[in-house]
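Peer 1: I'd like to ask some things about the structure below.
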Amino acid sequence: MHRPTLPAGDKQLVQIVDAALADTTRRSGSWLVCRPGCAQCCIGVFAISQLDALRLQHGLADLEASDPDRAARVRARANESVARLTPDYPGNPKSGTLDPGSEERFAEFANDQPCAALDPTTGRCDLYASRPITCRAFGPPVRSEGGLGVCELCFHGASDEEIAACEMEADPDDLESKILLEIEQRNKLTGDTIVAFALAEK
């Protein structure tokens, strides 16, 4: 299957975000309890960018070359998710693109749906190296419009000041937006989607 190439800047973006995660992990110490097999953040759908979707598709292609059986299980889970989610999908179920302004509908959508990349036996991500930016930044304190948010499993007993001291700046120069603009101009890919639609059979 033909897929657009990943922009060269994606590798740099991933390095920046992963370095920021390593730094905040060091500062957070035992407050950050994220570990392999903890999959609470892998339950419930979430929006991903077209860059995330493209990275996941390349990751699945790599997995198909190295471990076709595992890749087939990922693809099957994605197809099953799409079949379940299509009737109420707050977007275009053919393209997988979420409708602009669908945040309210999306907030109550499929909150118990496991991610298609999650291996239900091991509780690990089968596409971990290719995971979305949201996944790379989940757990540590990250600032958003609602303030400084953390995973509910982490930072128990930490004060607001201690949490703030561990804040993660995932992409301080907003490189992701520049790459997304490149994808939009080059490949005509726009709008957010979700993991299942990114990985399902087209």
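The values are calculated or read from the model by the stated rules, or taken from the named source; none is laboratory data. Everything quoted here is computed from the prediction, not taken from an experiment. As a convention, Cβ positions derive from the backbone with ideal geometry for all residues, glycine included, and neighbour counts pool all protein chains shown. Surface accessibility is based on the protein's heavy atoms, side chains included, excluding ligands, DNA and RNA. Shrake-Rupley method; radii C 1.70, N 1.55, O 1.52, S 1.80 Å.
Peer 1: Express the carbon and sulfur contribution to the solvent-accessible surface of segment 39-191 as a percent, rounded to the nearest whole number, probe 1.4 angstrom.
Peer 2: 51 percent
Peer 1: Tell me the per residue accessible area of segment 66-148 using a 1.4 Å probe; a whole number in Å² is fine.
Peer 2: Dividing the accessible area of segment 66-148 by its residue count gives 58 Å².
Peer 1: For the chain, with only Lys/Arg (+1) and Asp/Glu (-1) charged at the beta-carbon, what is the dipole magnitude about the Cα centre, in debye rounded to 20?
Peer 2: Roughly 780 debye for the chain.
Peer 1: Figure the gain on full extension for D67 and L153 (residue separation times 0.36 nm, minus the Cα-Cα span) and round it to one decimal in nm.
Peer 2: Details: separation 86, 0.36 × 86 = 30.96 nm, distance 3.25 nm.
Using 0.36 nm per residue and subtracting the Cα-Cα distance, I get 27.7 nm.
Peer 1: Shifting gears a bit: Just flag the trypsin sites (Lys or Arg not before Pro) in segment 39-77 sitting in loop per DSSP whose Cβ has no more than 11 other Cβ atoms within 10 Å.
Peer 2: Details: sites: R55, R70, R73, R75, R77; in loops: none.
Within segment 39-77, no trypsin sites (Lys or Arg not before Pro) qualify (loop, at most 11 other Cβ atoms within 10 Å).
Peer 1: I'd like the orientation of helix 9-28 relative to the chain: the angle between its Cα long axis and the longest Cα principal axis, in ° from 0 to 90, rounded to 10.
Peer 2: Orientation of helix 9-28: about 30 degrees from the principal axis.
Peer 1: Same structure, new question: Using only the Cα atoms, what convex hull volume per residue in Å³ does segment 1-50 have?
Peer 2: Dividing the Cα hull volume of segment 1-50 by its residues yields 138 Å³.
Peer 1: Turning to a different aspect of this structure: Excluding D67 itself, calculate the net charge of residues whose Cβ lies under 14 Å from the Cβ of D67, where each Lys or Arg counts +1 and each Asp or Glu counts -1.
Peer 2: Net local charge, D67 excluded: -1.
Peer 1: Under a 5 Å amide H to amide H cut-off, with H placed in plane at 1.01 Å, what residues pair with I48 once short-range neighbours are removed?
Peer 2: Those lying under 5 Å, H to H, from I48 are T193, I194.
Peer 1: Report, in degrees rounded to the nearest 10, the 0 to 90 angle that the Cα long axis of helix 50-66 makes with the longest principal axis of the chain.
Peer 2: Relative to the chain, helix 50-66 is tipped by roughly 70 degrees.
Peer 1: Relative contact order (percent) for the chain, with alpha-carbon contacts under 8 angstrom and 6 or more residues of separation?
Peer 2: Details: 271 pairs, mean separation 82.0, N = 202.
Relative CO of the chain lands at 41 percent.
Peer 1: Mind checking the alpha-carbon convex hull of the chain and giving the volume per residue in Å³?
Peer 2: Working: hull volume 26.5 nm³, N = 202.
It comes to 131 Å³ per residue, whole-number rounded.
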